[in-house]
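Data block below; observations after.
The values are calculated or read from the model by the stated rules, or taken from the named source; none is laboratory data. Predicted, not measured: the structure shown is a model, and the values here were computed from it. Glycine gets a Cβ as well: all are built from the backbone with ideal geometry, and neighbour counts include every protein chain shown. When the accessible area is computed, the model is the full protein with side chains, heavy atoms only, and any ligands, DNA or RNA have been set aside. Shrake-Rupley method; radii C 1.70, N 1.55, O 1.52, S 1.80 Å.
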Amino acid sequence: FWEFAGGSIAAWVVYACGHVLLRRRCCFLDFASICQNDPELKAAGIANIPAFVRASRQMVVLWDERYFTRMWCVYEIAVAQSDANVPIRVLPTDVYVLLALGQINVFVCCAFTIVLELWTLPLLAKMLARLLALVPAFALQAKAGCTFANQDARLQEQMERFDVRSAEITLESDRTAITVSIEAMFDGSLDNFNTRVRTRLKYAAMRSLTGQRALIPYTGVLWQALPILPAVFSVWSTSMNFPLYFRVPTYISGVTQLFCLSPVCVAAAMELGKRCATGKPATGARANFVYLGIGLLVSSLYTVFMAISRPLPALVGLGRMRRLGVEAWCAVPMAVFVNGLACVAAVWAFKLRVPAEDEVVESSDDSA
């Protein structure tokens, strides 16, 4: 228990205060870095936006449905896509809010599992309790998958119909200065910039979001699963007095659970949620029942795999299968084989896909 509590507290401290240690990494947050009270400082900040963007290693776009309708946001995109050619990473805000809630949900599930280990209950009852505890977590992932599908479609639509001339701005007096600056960066034509957004930027954004079979990159899924790490350490600490052939399968199962099984199940729940958004999507209470159904399905698969990958090799490692002719050392290759299946599934789900030939041709033609 103390490993889980201490690890979780340490993780939250790093989340809250970790940026203090990254003093060599600077971030220009446009709306927070430009003075809004002093007209002179504000004008100087706006004038230096191109310098800030060109000096950056990456531009992170916290995208919502109004992003490409705001002139100043479009201007920053133009600077990044001009001669500076700064890489742009698009993060749909609604999806990542759900992922943050997913991490909290995973923490609650892990805490429940640790407390459950302290109770004297039959193995089947514990497995059923774990299954039910996981249902809300994977139901939330299904909801995130549906939200991602909707935002992905909306983002593609916005980029395909993008026109800088239709962007909104608070002070119309600033519009002329911005459009003149964009024209200067794109050979005297706003249409050149529109084409760049509709082709190269669209390709790069979609590639960063959907460059693998899973809906979100592996790092995003792994970030959600981090509360599992102290829970795994807590389980490992309770097995130190057991035989070696019991402990090794336990270690293998814990690593696989964190780095392979959990990400694969999250990806599966999100994919099923995405499929619910196609065709005639469910709404209201019906949608919630669909998400819960997906959560129950994925939780069942997760629980069954954990029952096979950990307790079965552990029983072999304890010598409980000798009467059947299975020696204790067989627990290690058994654990490697079973958990290896989850590793293969993780590689398949999160391996970057090779872009289609027509996409590569389109991108290279545009950059030529």
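Which lysines, if any, have their Cα less than 23 Å from the Cα of Lys143, not counting same-chain residues under 8 positions apart?
Leaving aside lysines fewer than 8 places away in the same chain, those within reach of Lys143 are Lys274, Lys280.
What are the principal axis extents of the Cα atoms in the chain, in Å, biggest first?
For the chain, the Cα spread along each principal axis is 84, 44, 42 Å.
Where in region 157-214 are there GluC sites (Glu not before Pro) that are in a DSSP coil and have at most 16 other Cβ atoms within 10 angstrom of their Cβ?
Filter output for region 157-214: Glu172.
Run lengths n ≥ 4 of DSSP H only: what is the helix-derived mean residue ellipticity at 222 nm for the chain, with -39500 (n - 2.57) per run over all residues, to the nearest 500?
Using -39500 (n - 2.57) per qualifying helix, the result is -21500 deg cm²/dmol.
Near the amide H of Gln212, under 5 Å away, which other amide H atoms are found, from residues 5 or more places off or on another chain, if H is placed in the peptide plane?
Counting only residues 5 or more places away or on other chains, the set is Arg353.
In the Gaussian network model of the chain, springs joining C-alpha atoms below 10 Å, which of Ala139, Ala177, Ala129 carries the largest mean-square fluctuation?
Ala177
Charges only on Cβ, +1 for Lys and Arg, -1 for Asp and Glu: so what's the dipole of the chain about the Cα centre, in debye to the nearest 20?
It comes to approximately 1700 debye.
Could you tell me the distance between the Cα centroids of region 312-343 and region 174-212, to the nearest Å?
Distance between centres, Cα-based: 57 Å.
Looking at Val108, Val61, Tyr203, which one has the Cα that reaches farthest to the positive end of the dipole of the chain (charges on Cβ: Lys, Arg +1; Asp, Glu -1)?
Of the options given, the answer is Val108.
Heavy-atom accessible area per residue, the chain, 1.4 Å probe: how many Å²?
So the chain comes to 55 Å² accessible per residue, rounded to a whole number.
Which of the helices in the chain, when you take each full DSSP H run, stretch at least 27 Å along the axis at their Cα atoms and have an average Kyte-Doolittle score of 1.0 or higher?
Qualifying helices, which must be both long enough and hydrophobic enough, are 93-118, 284-309, 331-350.
Once you list every other residue whose beta carbon is under 14 Å from the beta carbon of Leu116, what net charge do they have if Lys and Arg are +1 and Asp and Glu are -1?
Combined, the nearby Lys, Arg, Asp and Glu give +1.
Let me check something: with ligands and nucleic acids excluded, how do Arg54, Arg24, Arg310 order by accessible area (1.4 Å probe), largest to smallest?
On the way: Arg54 105, Arg24 235, Arg310 85 Å².
So, going from the largest accessible area down, we get Arg24, Arg54, Arg310.
Need one value: the accessible area of Thr238 in square angstrom, 1.4 angstrom probe, rounded to the nearest 10.
Its heavy atoms expose roughly 100 Å² to the probe.
Please work out, to two decimal places, the log10 of the ratio I(q)/I(0) at q = 0.10, 0.13, 0.22, 0.23 Å⁻¹ from a Debye calculation in which every Cα of region 112-217 carries one identical scatterer.
-0.55, -0.70, -1.11, -1.15
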